[in-house]
């Protein structure tokens, strides 16, 4: 068991750095991580940045890059990217590409940010390194330790630097906690908690947990390394308890230090913190408030009476400063992202090691991979049990009669009771969504198919279908989201149905699309005009209104009978229980 002479933490090595290159002395952590780039700016070199993946997190990366002096985006690779969607986020001369390889060959960026699904990170990372560019890979860095080690070795061979999206390490709570670590004596225990909610409808709770797990792991890894003074000793996982709800409880150990990782999608409130306990006090690094509570000292005897007051006063002061920084700061919801990217670019200019060592990246991937394997196991077991239940229930249903009914959004709040009632009434029912749901979320006897309504649909989805019930619609986001997932989705669905000879189309709308009682001078009813084209009522209502108008118009052109059902509060409440299957058919 190797112990370094000085307390080391794995945050300041490069792609080829080893334990001997880790920076000693925790009291200098903040200075090292937050140092400005004045020295490197003197060289006058502009960092030319490429981006692969321009989804929601990709947009955050673009916003962060805008705040970094001496950096400019020269290319974005994403088949779905458009100039309108990225307006104001990239320079006017930045180029858009459908293919990452083409971007690398054409604009030859100095550094590339990879902000795509984790399963693509290893292949894209290798592509970027082979093209001679440094690479920043969003978390999770790679799904497996083997992939991470292969990428880091590739970078070392080519003399290039690699950075992982461990931005919370560069936020105030993490920086100050490491700086203050000596004040609480020898580190004994760390609890790292991340309570979150599922924000993407296209993934399972387990997939969401795997996605956010690194944010709970990499701060803990840094703190265990710093507190234990062990630079390379493997981090042990003593026990793991995981659930398909996306809840994770893992016990880790490094030398004499223990750590607990807690990730929960069901626990509330939304929080992210580490609670560090030492032989001479404790620290609480709170990422929601952006503050650290330092209760150094033994806390025994009469002094224990003052502990609640010390905690309360520091919490109030720290939260006030943290919230003020969030409101009036320039870096938005991800201040650590800007700080990390800025530091990474500075090391590229100066030819210095990356802000994150290979050890810290591999440690994080290793722990996440082992916990992820446990999550996958429990999900497989749960899915097998759910499938047996669904198959047994389906066998007890009456035979399904054709032609069938295709329901979009059949796994949603409204769509699920619709497909349930239709199937119980004896109809052949096909539920169309962005993905096929797990058996635990399926309705017995219903067929499930995957398709993206924002794109033209596979004609096979309409095979055997006589009626389409369109329940799906965008419920969040801005104008572009609703234009894509409500309006364009309606167009693609009607075109596919008409091409397959479907004559009946039921469009689920909302009473919110009608002009208000104030505008019409009395109560609204089915004869009330639609408030079309009015984005002032918000993107959701605008999208629903435009979708309804389009459905009526396009349906008439295609020779389809389109019926519109505008739901209100009463209809939605009724949809929670068993209703009348003849509501639609």
| task | Scan 353, 358, 308 and give me the residue that is out of contact with any strand residue (DSSP E or B) (no Cβ under 7 Å at 6 or more places or on another chain) and modelled with pLDDT under 90. | result | 308
| request: Would you check which residues across the range 41-79 are surrounded by fewer than 18 Cβ atoms within 10 Å (Cβ to Cβ), part of a loop (DSSP other than H, G, I, E, B) and over 18 Å from the mean Cα position of the chain (by Cα) and list them? | output: 42, 43, 44, 45, 46, 67, 69, 70, 79
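I'd like to know if the range 281-297 contains one or more residues that are assigned to a strand (DSSP E or B) and within 21 Å of the chain's Cα centre (by Cα).
So far as the range 281-297 goes, yes, one or more of its residues are assigned to a strand (DSSP E or B) and within 21 Å of the chain's Cα centre (by Cα).
Let's see how each residue does on (1) in contact with a strand residue (DSSP E or B) (Cβ under 9 Å, 6 or more places away or on another chain); (2) in the same structural domain as residue 345 (by TED's automatic domain parsing); (3) in a loop (DSSP other than H, G, I, E, B):
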| position | (1), (2), (3) |
| --- | --- |
| 88 | no, yes, yes |
| 103 | yes, yes, no |
| 109 | yes, yes, yes |
| 129 | yes, yes, no |
| query | Does residue 231 meet the test of being at pLDDT 95 or above and either buried (at least 17 other Cβ atoms within 10 Å of the Cβ) or more than 30 Å from residue 378 (Cβ to Cβ) (or both)? | reply | no
| request: Please report, ordered by residue number, the strands (runs of 3 or more DSSP E) entirely within the range 416-533 with at least 2 residues that are at pLDDT 95 or above, more than 30 Å from residue 56 (Cα to Cα) and over 29 Å from the mean Cα position of the chain (by Cα). | output: 427-433, 465-470, 504-510
| query | Hey, among 162, 188, 199, which residue is touching a strand residue (DSSP E or B) at 6+ places or on another chain (Cβ under 6 Å) and surrounded by fewer than 17 Cβ atoms within 10 Å (Cβ to Cβ)? | reply | 188
| note | Selection over the range 422-436 where residues are without any contact (Cβ under 8 Å) to a residue 60 or more places away in the chain and either farther than 23 Å from residue 206 by Cα or surrounded by fewer than 18 Cβ atoms within 10 Å (Cβ to Cβ) (or both) yields a count of 6
| task | Check whether at least one residue in the range 563-584 is loosely packed, with under 12 Cβ neighbours inside 10 Å and at pLDDT 95 or above, and report yes or no. | result | no
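The values are calculated or read from the model by the stated rules, or taken from the named source; none is laboratory data. Being a predicted model, the structure only gives us computed values, none of them experimental. Reconstructed Cβ throughout: ideal geometry from the backbone, glycine too, with neighbour counts over all protein chains shown.
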